[in-house]
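The values are calculated or read from the model by the stated rules, or taken from the named source; none is laboratory data. Source: prediction; values computed, not measured. Please note: Cβ atoms are built from the backbone with ideal geometry, for glycine as well, and neighbour counts cover all protein chains shown.
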Amino acid sequence: MELMTKSPLQIARSSYQPKMPAALKGSVVLKEGAATQSVADQEDIKKLFPNTYGMPLITFENGNAKEYPVVGVGVILSGGQAPGGHNVISGLYDGLKALNPKNKLYGFKNGPSGLVDHDYVELTDTIIDEYRNTGGFDIIGSGRTKLEEEEQYEKGAEICKKLGINAIVIIGGDDSNTNACVLAEYYVQKKHGIQVIGCPKTIDGDLKNEMIETSFGFDTACKVYSELIGNIQRDANSAKKYWHFIRLMGRSASHIALECALQSQPNICIISEEVEAKNQTLNDVVEEIVQVIVQRADTGLNFGTVLIPEGLIEFIPAMKKLISELNDLLAHNDDFNALQTEDEKRQYVKGLLSPDSCQVYRSLPKGIARQLTLDRDPHGNVQVSLIETEKLLIEMVAKRLAMLKAEGKYKGKFASINHFFGYEGRCAIPSNFDADYTYSLGYTASILISEGKTGYMSSVRNLTAPADEWIAGGVPITMMMNMERRHGKMKPVIQKALVRLDGAPFKYFEKYRKSWADDKLSYIYPGPIQYYGPTEVCDQPSKTLLLEQGK
Ligand code: FBP
């Protein structure tokens with residue numbers, strides 16, 4: 001056998017032709033809707049974005065062929081990886097070349113810093129063909145540098161002018177698209193003639209609204225995690241001896257945990273937004289888990305699965321207060337950074353926290369308390385993916401069960417295994433849904449650019465219908481904005497979409513979770529993503545999307 005450089009699936013996927021909305025096939029005409037408003041704080045947002053506020057929604061329809069001017073475009077991948085990023089770029093590339101073969105596409109390397117540091121590559125047929133329908137962001141790399149200083153914007157303008165770039169596409173989450181909006185406004189104000197278009201990316205699924213039905217990557221990542229959860233459940237149900245505590249990525253919102261619960265029907269799934277709404281403490285969460293474990297033990301079932309959203313810790317009100325005090329206390333704190341030992345750091349922190357937070361801090365296992373003081377990301381967020389909540393919960397649950405056993409109220413056996421699923425799914429080969437959706441998002445961006453638009457996010461809607469019926473167009477990013485306090489100052493930001501407790505996905509989960517907790521066999525085993533085969537196996541969107549759209 002010859003040395004293999006690609007798997008058979010990699011080879012087959014390179015020639016997969018993503019499905020597209022009918023309006024993107026052939027020539028396109030733009031239909032402009034009524035003027036838009038921001039979701040809240042209209043007066044403030046209007047003042048901050050005088051040039052890009054209130055622009056109309058845009059939808060594409062089939063129209064007569066038209067000649068487009070030559071454009072140069074720069075693309076940036078921003079933040080965490082999400083399956084489909086390469087297809088946004090290939091859709092953008094194909095769209096640009098179809099509109100005018102002289103168009104050029106440059107990739108800024110390693111995230112927004114590539115624009116500022118003038119680190120770029122011109123994308124060609126050869127490069128693009130190598131990355132079609134693949135996972136990962138390695139075509140140009142990604143990064144989390146925040147674009148927020150005028151000096152950075154000007155450095156960006158400098159390289160754009162040098163390369164003949166008239167538009168930048170920023171593929172990112174809520175923070176990156178907020179920056180895209182600010183950059184778009186800045187370039188109009190300064191008359192730099194550089195357009196900025198955003199694309200909704202994040203496996204977390206929290207960049208969505210009426211016009212952006214889902215962020216790309218959520219579908220694939222959740223399918224990968226659900227496959228793994230299903231496999232674990234089948235193992236649990238075969239061996240009948242372990243409780244599996246599975247933490248799932250999703251920095252803030254619990255969309256991933258909820259979607260995986262809908263796909264795999266575990267015994268327990270914690271939803272952070274519900275914990276916050278009920279004002280629960282960590283002990284309340286532990287008590288809920290313990291109750292299910294005891295009940296199952298009473299019927300002889302000493303095994304099960306618990307899904308835990310990564311962001312949980314920040315939604316427990318007392319923990320939230322502690323984290324926010326730590327954020328303030330540790331921001332640019334050279335004294336803290338100069339301390340050598342963990343013990344010194346612990347003493348230092350304890351001395352400065354409020355009495356309530358200090359009590360919470362002291363009640364945490366030392367390892368978890370230490371994790372809460374690790375470096376923040378460039379947006380000032382605690383890096384929750386580094387906090388091992390599943391281990392914390394296992395420890396607390398085991399303690400509580402031991403107490404109940406001593407009181408004769410629990411007769412079962414508790415053996416646990418912990419898991420964390422995040423990086424396993426972020427670079428998976430995109431599902432058909434994500435491959436099609438992202439290609440269309442990129443293609444849509446190419447049209448918005450060629451039509452001279454700026455400050456828009458590429459939008460593809462009606463996603464539970466066949467791809468042919470999807471609706472493509474653009475949404476003004478200012479429409480998604482509101483004012484929020486960040487680092488002590490009011491800032492315009494895209495509203496993060498948390499799990500809605502009155503939304504159909506949560507309602508469905510709420511209706512069935514009791515039977516999933518008790519039943520001998522309610523597990524579902526989703527199996528691996530299928531790329532070829534019947535459409536009901538290969539082209540299903542997420543359950544969240546189906547339920548949200550009443551299907
Ligand atoms: P984005 O919001 O940038 O898409 O990233 C999401 C995410 O995958 C989170 O789910 C996770 O908490 C975080 O990135 C992990 O960050 P890192 O890649 O820096 O470890």
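The set of residues in the stretch 142-154 being surrounded by fewer than 17 Cβ atoms within 10 Å (Cβ to Cβ) and either out of contact with any helix residue (DSSP H, G or I) (no Cβ under 8 Å at 6 or more places or on another chain) or basic (Lys, Arg) (or both) consists of Glu149, Glu151, Glu154. Of the residues in the stretch 321-334, none is in contact with a helix residue (DSSP H, G or I) (Cβ under 7 Å, 6 or more places away or on another chain) and closer than 15 Å to Ala517 by Cα. Within the stretch 433-446, is even one residue surrounded by fewer than 24 Cβ atoms within 10 Å (Cβ to Cβ), within 16 Å of the ligand (Cβ to nearest atom), of a type in the set (A, V, I, L, M, F, W, C) and in contact (Cβ under 8 Å) with a residue 40 or more places away in the chain? No: zero hits.
Taken together, Gly412, Gly408 contain a single residue that is on the phi > 0 side of the Ramachandran plot and not acidic (Asp, Glu), which is Gly408.
The residues in the stretch 430-461 that are out of contact with any helix residue (DSSP H, G or I) (no Cβ under 6 Å at 6 or more places or on another chain) and part of a loop (DSSP other than H, G, I, E, B) can be counted, and the count is 3. Among the residues of the stretch 162-180, write down those that are touching a Gly at 6+ places or on another chain (Cβ under 9 Å) and away from the ligand (no atom under 14 Å from the Cβ). Scanning the stretch 162-180 gives Leu163, Gly164, Ile165, Asn166, Ala167, Ile168, Val169.
Here Lys413 clears all of (1) within 30 Å of Phe509 (Cα to Cα); (2) in contact with a helix residue (DSSP H, G or I) (Cβ under 6 Å, 6 or more places away or on another chain) except the condition numbered (2).
Looking across the stretch 353-377, the residues that are buried (at least 16 other Cβ atoms within 10 Å of the Cβ), modelled with pLDDT of 90 or more and in a helix (DSSP H, G or I) come down to Ser357, Cys358, Val360, Tyr361. Scanning the stretch 96-119 for residues that are surrounded by fewer than 20 Cβ atoms within 10 Å (Cβ to Cβ), in contact (Cβ under 8 Å) with a residue 40 or more places away in the chain and more than 30 Å from Ser27 (Cβ to Cβ) yields a count of 1.
Any residue in the stretch 101-121 that is polar (S, T, N, Q), away from the ligand (no atom under 16 Å from the Cβ) and within 25 Å of the chain's Cα centre (by Cα)? So that I can check it myself, show each step before the final result.
Within the stretch 101-121, the subset polar (S, T, N, Q) is 103, 110, 113.
Filter once more, keeping what is away from the ligand (no atom under 16 Å from the Cβ): 103.
This time we only want the ones that are within 25 Å of the chain's Cα centre (by Cα), so: none.
Within the stretch 101-121, none of the residues are polar (S, T, N, Q), away from the ligand (no atom under 16 Å from the Cβ) and within 25 Å of the chain's Cα centre (by Cα).
Restricting attention to the stretch 113-142, the residues being assigned to a helix (DSSP H, G or I) and hydrophobic (A, V, I, L, M, F, W, C) number 4. Is at least one residue of the stretch 238-250 buried (at least 24 other Cβ atoms within 10 Å of the Cβ), modelled with pLDDT of 95 or more and more than 16 Å from the ligand (Cβ to nearest atom)? Yes, because at least one residue in the stretch 238-250 is buried (at least 24 other Cβ atoms within 10 Å of the Cβ), modelled with pLDDT of 95 or more and more than 16 Å from the ligand (Cβ to nearest atom). Taken over the stretch 526-547, the residue count meeting the criterion of being hydroxyl-bearing (Ser, Thr, Tyr) and either closer than 28 Å to Val275 by Cβ or assigned to a helix (DSSP H, G or I) (or both) is 3. Can you confirm whether Gly198 is of a type outside the set (A, V, I, L, M, F, W, C) and outside any loop (DSSP other than H, G, I, E, B)? Yes. Just one of (1) more than 25 Å from Tyr242 (Cβ to Cβ); (2) without any contact (Cβ under 8 Å) to a residue 60 or more places away in the chain; (3) within 16 Å of the ligand (Cβ to nearest atom) fails for Leu386. It is (1). Exactly one residue among Gly408, Gly380, Gly412 is away from the ligand (no atom under 13 Å from the Cβ), modelled with pLDDT under 95 and either crowded, with 22+ Cβ neighbours inside 10 Å or outside any helix (DSSP H, G or I) (or both), and that residue is Gly380. Going by the structure shown, is Lys208 part of a loop (DSSP other than H, G, I, E, B) and within 16 Å of the ligand (Cβ to nearest atom)? The answer is yes for Lys208. Restricting the stretch 181-202 to residues that are free of Cβ contacts under 8 Å to residues at least 40 places away in the same chain and not aliphatic (A, V, I, L, M) leaves a set whose member that is farthest from the ligand (Cβ to nearest atom) is Lys191.
Which numbered condition trips up Ala82, out of (1) modelled with pLDDT of 95 or more; (2) over 24 Å from the mean Cα position of the chain (by Cα)? Of (1) modelled with pLDDT of 95 or more; (2) over 24 Å from the mean Cα position of the chain (by Cα), only one is false for Ala82: (2). Going by the conditions given, is Val88 under 17 Å from Arg13 (Cβ atoms) and in contact (Cβ under 8 Å) with a residue 12 or more places away in the chain? Judged against the criteria, Val88 is a match. Annotation: Lys223 fulfils all but one of (1) basic (Lys, Arg); (2) part of a loop (DSSP other than H, G, I, E, B); (3) out of contact with any strand residue (DSSP E or B) (no Cβ under 9 Å at 6 or more places or on another chain); (4) buried (at least 22 other Cβ atoms within 10 Å of the Cβ); the unmet one is (2). Any residue at all in the stretch 243-256 that is in a helix (DSSP H, G or I) and closer than 19 Å to Leu312 by Cβ? For the stretch 243-256, residues in a helix (DSSP H, G or I) and closer than 19 Å to Leu312 by Cβ: present.
Listed by first and then second residue, the pairs linking a residue in the stretch 404-427 that is within 17 Å of Asn237 (Cα to Cα) to a residue that is away from the ligand (no atom under 16 Å from the Cβ) and part of a loop (DSSP other than H, G, I, E, B), with Cβ atoms under 6 Å apart and 6 or more places separating them unless they lie on different chains, are Gly412/Asn302; Lys413/Asn302; Ala415/Lys241; Ala415/Tyr242; Ile417/Tyr242.
Which ones in the stretch 469-478 are part of a helix (DSSP H, G or I) and either within 20 Å of the chain's Cα centre (by Cα) or over 21 Å from Thr544 (Cα atoms) (or both)? Quick ask: steps written out before the conclusion?
So the first thing to find is which residues in the stretch 469-478 are part of a helix (DSSP H, G or I), and the list is 469, 477-478.
Within the stretch 469-478, Ile477, Thr478 meet the criteria.
Name the single residue, out of those in the stretch 67-78 being modelled with pLDDT of 95 or more and touching a helix residue (DSSP H, G or I) at 6+ places or on another chain (Cβ under 7 Å), that is nearest to the ligand (Cβ to nearest atom). In this case the residue turns out to be Ser78.
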